[in-house]
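The values are calculated or read from the model by the stated rules, or taken from the named source; none is laboratory data. Owing to the predicted nature of the structure, the values given are computational and were not obtained by experimental measurement. Because the Cβ atoms are built from the backbone with ideal geometry, glycine has one as well, and the counts that use them run over all protein chains shown. Protein only, heavy atoms only, side chains kept; ligands, DNA and RNA dropped before computing areas. Shrake-Rupley method; radii C 1.70, N 1.55, O 1.52, S 1.80 Å.
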Amino acid sequence: MLSHRLHAARKNPLGDIVRVLQDDGSVDPSADPNLSRDDAVRLYRGMTLERILDNRMLALQRQGRIGFYGPSVGQEAAIVGAAMAMEPDDWIVPQYREPGAALLRGMPLKDLICQFMTNGGDPAKGRQMPCHYVFAKGHYLSISSPVGTQIPHAMGIAWGMKLRKEPAAVLVYFGDGATSTPDFHVAMNFAGVYRAPCVFFCNNNQWAISLPVSRQTAGAPLAEKAPAYGMEGVRVDGMDALAVYGAVRRAANAARNGQGPALVEALTYRFGPHSSSDDPSRYRDEKEVAVWMARDPLVRLRRFLEARGWWDEGREASLEKEIGDEITQAVAEAEAMPPVPVETFFEDVYAEPTWNLREELGEARSVRRG
Amino acid sequence: MTQMTMVQAINNALREEMRRDDRVVVLGEDIGKNGGVFRCTEGLIDEFPDRVFDTPLAESGIIGSAIGMALYGLRPVPEIQFMDFIYPAFDQIVSEAAKMRYRSGGQYTVPMTIRTPYGGGIRGGHYHSQSSEAYFTHTPGLKVVVPSTPSDAKGLLTSSIRDPDPVLFLEPKKLYRAFREDVPEGEHTVPLGQALVRREGKDVSLFAWGYMSQVCLDAATKAAGKGIEAEVVDLRTLVPLDVDAVLASVKKTGRAVVVYEAPRTGGYGGAISALLAERAIEYLRGPIVRVAGFDTPFPYALEDVYMPSADRVFAGIDKVMAF
């Protein structure tokens, strides 16, 4: 059990898992990324926003106000901590469980919720099911449902940066399940060969829907796959936002400086279901969930902020209210948006619609009228 | 004008586009130092050492990383060594490259041209001979282009590289060195989506692409000997199809033979036949005839039997003329 390994690391913080935050809110000075107060609070805010947003969106899904949702509760440190470590010119290639990263890159909350509602306010015109958002202005790539397909794209983007001598890097998110896909291995191999500035970030949340990571591969830890491709692999406590931030920051800096790619494996946990269509009680033990919930990444970062004197009950209450109000307002604005107009149906198949698409638009219009 | 084979014309197009646009990069297996197994990329690595890449042996990696390069703003031209090897990259082509513009609402695009030799007639057996364009013509978001002459190969490849959408550029390897013709040096483009009437005729229309266009020309010569004037329409671009050219020819001749070397069932020629049945049936004086490969895997020893020949095309002409 990987949870046992994490326990072992707790007893031995100098083990092979990078860990910064101690239970009492103090930090391991040898690994402390030394975030400023503003950055630490920004990180905490981003994680809190993702937590509250997730719970609200899951509730809206249960009420039938959005069609589908994939919550990320429990993984906020890994998701937002990694995104925080990247610079504005860097690119982020998401899997599909990182709304906190998109928001951190500047995606407007209302646009994100319009995507969840797949209405006329969705910047991607309602083309994909909920949780498949895109934000090109923030170099945040479009999301694909098949697992692992985005990893070679990240490699190619990073390769392009290297060819154009742009001092930037790519962060690509994927899960433990994705490490079984050919796309993961081929991208790791290419990145190693071409020394592409790519940070491969594995959100090892222990479960790929119903399959535990122990049955995903006989070659755990996942980070140990990195040396086979000529790059460094590092394991971090994925419930520790400072550890994640520090590890990704080091990997991204090294990548930008021409030192090639790296694999960061964050040991984390999905507290909730795989998606609104999933019932995790069918395949996993609630006792295991409880063990991981005791390491809640929000609680741990908050303890750190409080130990520094940067946070207290009052600030917490006002942050929660502020975020709650923001979401309430964004939901109201999103629900006021009209449905996706049928005129957009045939756009963006190609740069210019072909003759058959122009004809088919006429047919689609008559369907909508009918 | 210079006399070139199709291989030389493709090489010339790549070289000129790489000179014109420093975003154009070429990648694939054995395409650098070795110049490609058919020599289409010969010498490019000497002129552009930073933009020609011999890749590891993994088609999904070649296409997947080329997609990333295109997303980033480059103009990658990946090569798949044989179309028969493209399937590991199928997911990346049909589900990623072809869907990116649509699924992102136009925020991201993939201007990438995948070059790959396809088709039979070189004694390459099942894994060096297939003509599997129909898997890709069935994919909205992807364009599919097939030249049949050296000059068109240069003009169409140049247009494909400049196109804002992903293009699958199929090279009929049987024609790589089959003949030379005058190819314009310097700027030469052939617009995508325009068919070409290679031979005019009033009695029957032959629709084909790639090597089959040449087979149809041979069949038309044979037909002329029997007093039948066959028109040969080389589609050149399968997606988007030049529907006007297809319909115009059939409205003139009243008869259609669709020729393709892929297995008959589910082939792209079926889509042409359906289009004619839907839109031109009142002009037809006989059944639409398909002359195609057989519904078998591509055979080695019986390759000559498998490949549609001028005789088989002529038999198709005979059938519709006799109706």
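If you go through the range A:200-252 one residue at a time, how many are in a loop (DSSP other than H, G, I, E, B) and under 17 Å from A:Gly148 (Cβ atoms)?
Narrowing the range A:200-252 to residues in a loop (DSSP other than H, G, I, E, B): A:205-206, A:209-210, A:216-221, A:230-231, A:238-240.
So of that shortlist, the ones also under 17 Å from A:Gly148 (Cβ atoms) come out as A:205, A:209, A:216-217, A:219.
Looking only at that region, the number is 5.
Where helices (runs of 4 or more DSSP H) fall entirely within the range A:84-199, those with at least 1 residues that are open to solvent by 30 Å² or more (accessible area, probe 1.4 Å) and facing chain B (nearest Cβ under 10 Å) are at A:150-163, A:182-194. Here the condition is being surrounded by fewer than 21 Cβ atoms within 10 Å (Cβ to Cβ) and more than 30 Å from A:Pro123 (Cβ to Cβ); of B:Val94, B:Val37, B:Val146, B:Val52, it holds for B:Val37 alone. Scanning the range A:337-370 for residues that are open to solvent by less than 60 Å² (accessible area, probe 1.4 Å), touching a residue at least 24 places away in the same chain (Cβ under 8 Å) and assigned to a helix (DSSP H, G or I) gives A:Val342, A:Thr344.
You will find that of A:Asp296, A:Asp279, A:Asp285, A:Asp237, the residue that is within 28 Å of A:Pro108 (Cα to Cα) and either acidic (Asp, Glu) or outside the structural domain of A:Met47 (by TED's automatic domain parsing) (or both) is A:Asp296 and no other.
Looking at A:Ser281, A:Ser276 in this structure, which one is on the phi < 0 side of the Ramachandran plot and open to solvent by 20 Å² or more (accessible area, probe 1.4 Å)?
One residue alone meets the criteria, A:Ser281.
Residues that are open to solvent by 10 Å² or more (accessible area, probe 1.4 Å), in contact with a helix residue (DSSP H, G or I) (Cβ under 7 Å, 6 or more places away or on another chain) and either assigned to a loop (DSSP other than H, G, I, E, B) or hydroxyl-bearing (Ser, Thr, Tyr) (or both) within the range B:114-131 comprise B:Gly121, B:Ile122, B:Arg123, B:Tyr127, B:Gln130, listed in sequence order.
Is at least one residue of the range B:186-205 assigned to a helix (DSSP H, G or I), hydrophobic (A, V, I, L, M, F, W, C) and more than 14 Å from chain A (Cβ to nearest Cβ)? Write out each step before concluding.
Going through the range B:186-205, the residues assigned to a helix (DSSP H, G or I) turn out to be none.
Checked the range B:186-205: no residue is assigned to a helix (DSSP H, G or I), hydrophobic (A, V, I, L, M, F, W, C) and more than 14 Å from chain A (Cβ to nearest Cβ).
B:Tyr135 fulfils the conditions (1) within 11 Å of chain A (Cβ to nearest Cβ); (2) open to solvent by 10 Å² or more (accessible area, probe 1.4 Å) except for a single criterion, (1). With a requirement of 3 or more residues that are modelled with pLDDT under 95 and touching a Gly at 6+ places or on another chain (Cβ under 9 Å), none of the strands (runs of 3 or more DSSP E) lying completely within the range B:209-323 satisfies it.
Working carefully through the options A:Ala290, A:Ala334, A:Ala294, find the one that is open to solvent by less than 20 Å² (accessible area, probe 1.4 Å), over 30 Å from B:Leu192 (Cβ atoms), within 24 Å of the chain's Cα centre (by Cα) and more than 14 Å from chain B (Cβ to nearest Cβ). Steps first, answer last, please.
Numbers: A:Ala290 fails: open to solvent by less than 20 Å² (accessible area, probe 1.4 Å); A:Ala294 fails: open to solvent by less than 20 Å² (accessible area, probe 1.4 Å).
The unique qualifying residue is A:Ala334.
Among the residues of the range A:54-65, write down those that are surrounded by fewer than 24 Cβ atoms within 10 Å (Cβ to Cβ) and touching a residue at least 12 places away in the same chain (Cβ under 8 Å).
Step one: list which residues in the range A:54-65 are surrounded by fewer than 24 Cβ atoms within 10 Å (Cβ to Cβ), which gives A:54-56, A:58-65.
Answer for the range A:54-65, where residues must be surrounded by fewer than 24 Cβ atoms within 10 Å (Cβ to Cβ) and touching a residue at least 12 places away in the same chain (Cβ under 8 Å): A:Asp54, A:Asn55, A:Arg56, A:Leu58, A:Leu60, A:Gln61, A:Arg62, A:Arg65.
Return yes when A:Ala228 is open to solvent by less than 10 Å² (accessible area, probe 1.4 Å), of a type in the set (A, V, I, L, M) and at pLDDT 95 or above and no when it is not.
Numbers: open to solvent by less than 10 Å² (accessible area, probe 1.4 Å): no; of a type in the set (A, V, I, L, M): yes; at pLDDT 95 or above: yes.
For A:Ala228, the condition - open to solvent by less than 10 Å² (accessible area, probe 1.4 Å), of a type in the set (A, V, I, L, M) and at pLDDT 95 or above - is not met.
Any residue in the range A:288-308 that is under 24 Å from A:Pro152 (Cβ atoms), assigned to a loop (DSSP other than H, G, I, E, B) and of a type outside the set (A, V, I, L, M)? Among the residues of the range A:288-308, not one is under 24 Å from A:Pro152 (Cβ atoms), assigned to a loop (DSSP other than H, G, I, E, B) and of a type outside the set (A, V, I, L, M), which makes the answer no. Among the numbered conditions (1) farther than 21 Å from B:Asp318 by Cβ; (2) out of contact with any Leu (no Cβ under 8 Å at 6 or more places or on another chain); (3) of a type outside the set (Asp, Glu), the only one that B:Ser249 does not meet is (1).
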